[in-house]
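See below for the structure under consideration.
Bear in mind that the values in this text are calculations on the coordinates, not laboratory data. Remember, predicted model here, so these are calculated numbers, not experimental data. Virtual Cβ from ideal backbone geometry, glycine too; neighbours counted across all protein chains shown.
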Amino acid sequence: MKSNTIHSISIIEIPKIVDDGGRGNLSVIENNSLPFNIERVYYLYDVPSDAYRGGHAHKDLQQFLLPLSGSFDVILKDGGNAKTVTLNKPNKGLLIVPGIWRELGNFSSGAVCLVLASDVYNEDDYIRDYEAFKNYKNV
Ligand code: T46
């Protein structure tokens with residue numbers, strides 16, 4: 001949505017089931033864990049530490065980013081304000097609403113970013129030029 005700001009972005013904590021017998025942890029995501037139905041799953045991995053992913057906004061797509069392994073930073077911009085969120089816990093993910101510019105960088109070695117998306121891939125939903133994004137946001 002055009003009018004969303006970085007204040008509409010939230011961290012969602014996925015419950016962690018810690019095994020009593022010392023077998024580690026288990027976290028589960030079901031459709032009602034998120035405010036959208038999951039239509040697509042993809043993941044980013046083997047990202048060099050000096051590389052950036054993203055660099056675009058979505059008009060309608062909602063996404064939930066989860067650092068399954070390692071850590072990375074997400075820079076978020078709404079055309080007026082910006083903030084950086086570090087994701088480094090496999091049970092704490094970032095819900096990005098539509099109309100927000102995002103850049104992902106500072107990937108640690110072995111980092112894996114799982115993305116759960118509210119729709120199938122559609123290039124028409126992307127705004128890949130920052131000036132076009134500012135026009136879209138009327139700023
Ligand atoms: C986002 C960040 C976090 C597909 O064919 N299907 C897909 O579902 C996706 C996501 C991408 N692609 C193709 C399109 C490009 O030819 O894979 C190539 C790389 O995509 P892109 O440059 O958009 O990748 P990122 O990592 O910069 O961005 C992706 C998502 O596109 C984006 O929605 O928020 O991850």
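Summary table
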| item | result |
| --- | --- |
| Cα gyration tensor category, rounded, prolate or oblate, for the range 1-75 with a/c compared to 1.5 | oblate |
| Sparse-neighbourhood loop sites, trypsin sites (Lys or Arg not before Pro) in the range 13-58 - DSSP loop, at most 10 other Cβ within 10 angstrom | 23 |
| Under-5 Å amide H pairs with residue 55, H placed in peptide plane, nonlocal only | 102, 103, 104 |
| Structure-based [θ]222 nm, the chain - -39500 (n - 2.57) summed over DSSP H runs of at least 4, per residue, nearest 500 | -1500 deg cm²/dmol |
| Global size of the chain as Cα Rg and Dmax, reported in angstrom | 15.4, 55 |
| Gaussian network model of the chain, springs between alpha carbon atoms under 10 Å - residue of 67, 48, 90 with greatest fluctuation | 48 |
| Among 117, 82, 57: highest mean-square fluctuation, GNM of the chain, C-alpha pairs under 10 Å | 82 |
| Residue of 46, 19, 60 that the Gaussian network model of the chain assigns the largest fluctuation, springs spanning Cα pairs under 10 Å | 19 |
| Too-long pairs where the Cα-Cα distance tops 27 Å, listed order kept, from 92/137; 89/134; 83/137 | 92/137; 89/134 |
